[in-house]
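Asker: Submitted below is the structure of interest, expressed as structure tokens.
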Protein chains: 2
Amino acid sequence: MQEESVIEIEEVANILKLLGDKTRLTIVKILDSHDCCVCEFVEMFKTSQPAISQHVRKLKDKGIVKESRRGQWIIYSLNKESEYYPFLQDVLKHLPDQGYRLDELEKQGLRISCCE
Amino acid sequence: MQEESVIEIEEVANILKLLGDKTRLTIVKILDSHDCCVCEFVEMFKTSQPAISQHVRKLKDKGIVKESRRGQWIIYSLNKESEYYPFLQDVLKHLPDQGYRLDELEKQGLRISCCE
DNA sequence: TACTTATATAATAATACACTTATATATCTA
DNA sequence: TAGATATATAAGTGTATTATTATATAAGTA
């Protein structure tokens, strides 16, 4: 009796490797409830902009996230059409909510115009 | 509304990194339905014995698998008492059954005395 | 006890990864 | 159009990871 979403084992390994990084995993968990732009992640993780760009690119290359431009900003969101989306949900449900990170940004006035 | 099994995000990242390797992921999937010894994995993966030993050691270090000695053999099995076990199940259910690997061993007469 | 089988550990080498710095591109604004 | 802001890409570097070879340990067997 198989689950609705069965993926080739090597592909799952690749997805897990991708998610097996604290920064990327947290990005994905956040995107599961709010779309965000790169500048917000840079603030949250206190890391460099290129580092974040490289992380989201890897996620985009696998089709896990998608981007859409809004003016200067590029808004990232989860790609709900991804074949991996059901799998992803089964992983993310085990993670504590990361909403506090956005709340902190808000408090610092850093949740700026780019995303509402 | 949270799932019964919520794990600290950094720990999940570490577990995912651990599972983000084709060999280890397949080992875990197989152990989900049958206990196995190292020699069987060596045959299945056509790799060296030390390579397999090092993989299972990593899984053991995280408490995902446990071992029990039976004569010369060390039988590995999933540790159902692990705090990660429910999480693991949610990952494994997306993987295709690996029973054919054991069937192949059987056919080759390599599923020897160590495990029944 | 000597030999064999099963497994673990250590050292090493090749590769992959994630970060940094520097630079390029794209959009917005004065 | 010039400058500012947001993001991407490229190159380089240090670290982590995985496999290999060699050796150690532990149990079974003649």
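Asker: Can you tell me which residue among A:Gln49, A:Gln98, A:Gln89 is open to solvent by 40 Å² or more (accessible area, probe 1.4 Å) and either touching a helix residue (DSSP H, G or I) at 6+ places or on another chain (Cβ under 6 Å) or more than 18 Å from B:Leu88 (Cβ to Cβ) (or both)? Full working, then the answer.
Answerer: Working: A:Gln98 fails: open to solvent by 40 Å² or more (accessible area, probe 1.4 Å); A:Gln89 fails: either touching a helix residue (DSSP H, G or I) at 6+ places or on another chain (Cβ under 6 Å) or more than 18 Å from B:Leu88 (Cβ to Cβ) (or both).
Answer to the check: A:Gln49.
Asker: Name the residue that is surrounded by the fewest Cβ atoms within 10 Å (Cβ to Cβ), counting only residues in the range A:3-29 that are more than 7 Å from chain B (Cβ to nearest Cβ) and of a type in the set (A, V, I, L, M).
Answerer: It comes out as A:Leu18.
Asker: Just checking, does the range A:30-47 include any residue being basic (Lys, Arg), free of Cβ contacts under 8 Å to residues at least 24 places away in the same chain and more than 7 Å from chain B (Cβ to nearest Cβ)?
Answerer: Of all residues in the range A:30-47, those basic (Lys, Arg) come to A:46.
Those still in the list that are free of Cβ contacts under 8 Å to residues at least 24 places away in the same chain too: A:46.
With the extra rule that they be more than 7 Å from chain B (Cβ to nearest Cβ), the set shrinks to A:46.
Yes, the conditions are met somewhere in the range A:30-47.
Asker: Further question on the same structure: Are there any helices (runs of 4 or more DSSP H) wholly within chain A with 1 or more residues that are acidic (Asp, Glu), and if so which? First the steps, then the outcome.
Answerer: Values: elements: A:9-19, A:22-31, A:38-45, A:49-61, A:85-92, A:99-107.
By residue number, A:9-19, A:38-45, A:49-61, A:85-92, A:99-107.
Asker: Still on this structure, I have one more. Whether any residue in the range B:74-82 is within 14 Å of DNA strand C (Cβ to nearest atom), more than 29 Å from B:Val6 (Cα to Cα) and touching a strand residue (DSSP E or B) at 6+ places or on another chain (Cβ under 6 Å) is what I want to check.
Answerer: yes
Asker: I'm checking my understanding of the structure. Among residues of the range B:105-114 that are touching a residue at least 24 places away in the same chain (Cβ under 8 Å) and either within 15 Å of B:Ile27 (Cα to Cα) or more than 16 Å from DNA strand D (Cβ to nearest atom) (or both), which one is surrounded by the fewest Cβ atoms within 10 Å (Cβ to Cβ)?
Answerer: Filtering the range B:105-114 for residues that are touching a residue at least 24 places away in the same chain (Cβ under 8 Å) and either within 15 Å of B:Ile27 (Cα to Cα) or more than 16 Å from DNA strand D (Cβ to nearest atom) (or both), the one surrounded by the fewest Cβ atoms within 10 Å (Cβ to Cβ) comes out as B:Gln108.
Asker: Might you check whether a residue that is modelled with pLDDT under 95 and open to solvent by less than 20 Å² (accessible area, probe 1.4 Å) occurs anywhere in the range A:57-79?
Answerer: For the range A:57-79, residues modelled with pLDDT under 95 and open to solvent by less than 20 Å² (accessible area, probe 1.4 Å): absent.
Asker: Also: Go through (1) more than 12 Å from DNA strand D (Cβ to nearest atom); (2) under 16 Å from B:Ala13 (Cβ atoms); (3) touching a helix residue (DSSP H, G or I) at 6+ places or on another chain (Cβ under 7 Å) for A:His55 and report which single condition fails.
Answerer: Among (1) more than 12 Å from DNA strand D (Cβ to nearest atom); (2) under 16 Å from B:Ala13 (Cβ atoms); (3) touching a helix residue (DSSP H, G or I) at 6+ places or on another chain (Cβ under 7 Å), A:His55 violates only (1).
Asker: Of the residues B:Leu92, B:Leu102, which is within 14 Å of chain A (Cβ to nearest Cβ) and of a type outside the set (Lys, Arg)? Outline the logic, then answer.
Answerer: On the way: B:Leu102 fails: within 14 Å of chain A (Cβ to nearest Cβ).
Among B:Leu92, B:Leu102, only B:Leu92 is within 14 Å of chain A (Cβ to nearest Cβ) and of a type outside the set (Lys, Arg).
The values are calculated or read from the model by the stated rules, or taken from the named source; none is laboratory data. Everything numeric here is computed off the predicted structure, so don't read it as measured data. Counting neighbours? That spans all protein chains shown, and the Cβs are built from the backbone with ideal geometry, glycine included. Each accessible area value is taken on the protein alone, full model and side chains, heavy atoms only, with ligands, DNA and RNA left out. Shrake-Rupley method; radii C 1.70, N 1.55, O 1.52, S 1.80 Å.
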